[in-house]
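Working notes, structure below.
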Amino acid sequence: MEKELEQFQQEAQRLKQGRKGGALPFPEALRAFAVRYAEQTLQAGGTVVEAAAKLGVSAPTLYEWRKGRPAGSTKRKKGTERSAVLLPVRVGERPEEAVVAGQSPVVVVSPSGWRVEGLSVESAAQLLGRLAC
């Protein structure tokens, strides 16, 4: 097992060489060895963290391999889950009562995010005056 461990460490080092953000994907045979090594370490009273340190890979990577997934497979890109939900959007609709003498309604948006729509210019000026903006 020690000879295989040394070979794994060399191959892991080779895959990481010259890379800033991690290693190239590990071949299935190397992942399988790492999982076997981790299981033996656990049976001997060690931890996955200890096995990962000996192997030269990160503990989260070894945990993923033990679950049968390639490392990083559980990470989702920022915003992917939310972007999958589509929301209805109405474009170009204006409240008819706000359109006076060909003027478009005014929309007031505060720095904190609240929004008032459909105001005339005069109403918007009054609102801003009352809010001391």
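For Lys78, the stated conditions do not hold, so it cannot be described as at pLDDT 80 or above, within 30 Å of Ala12 (Cβ to Cβ) and not hydrophobic (A, V, I, L, M, F, W, C). Quick check: is even one residue across region 111-122 out of contact with any strand residue (DSSP E or B) (no Cβ under 6 Å at 6 or more places or on another chain), at pLDDT 80 or above, surrounded by fewer than 12 Cβ atoms within 10 Å (Cβ to Cβ) and not hydroxyl-bearing (Ser, Thr, Tyr)? The answer is yes; a qualifying residue exists.
The values are calculated or read from the model by the stated rules, or taken from the named source; none is laboratory data. Computed from a predicted structure; not experimentally measured. Cβ: placed from backbone, ideal geometry, glycine included. Neighbour counts: every protein chain shown.
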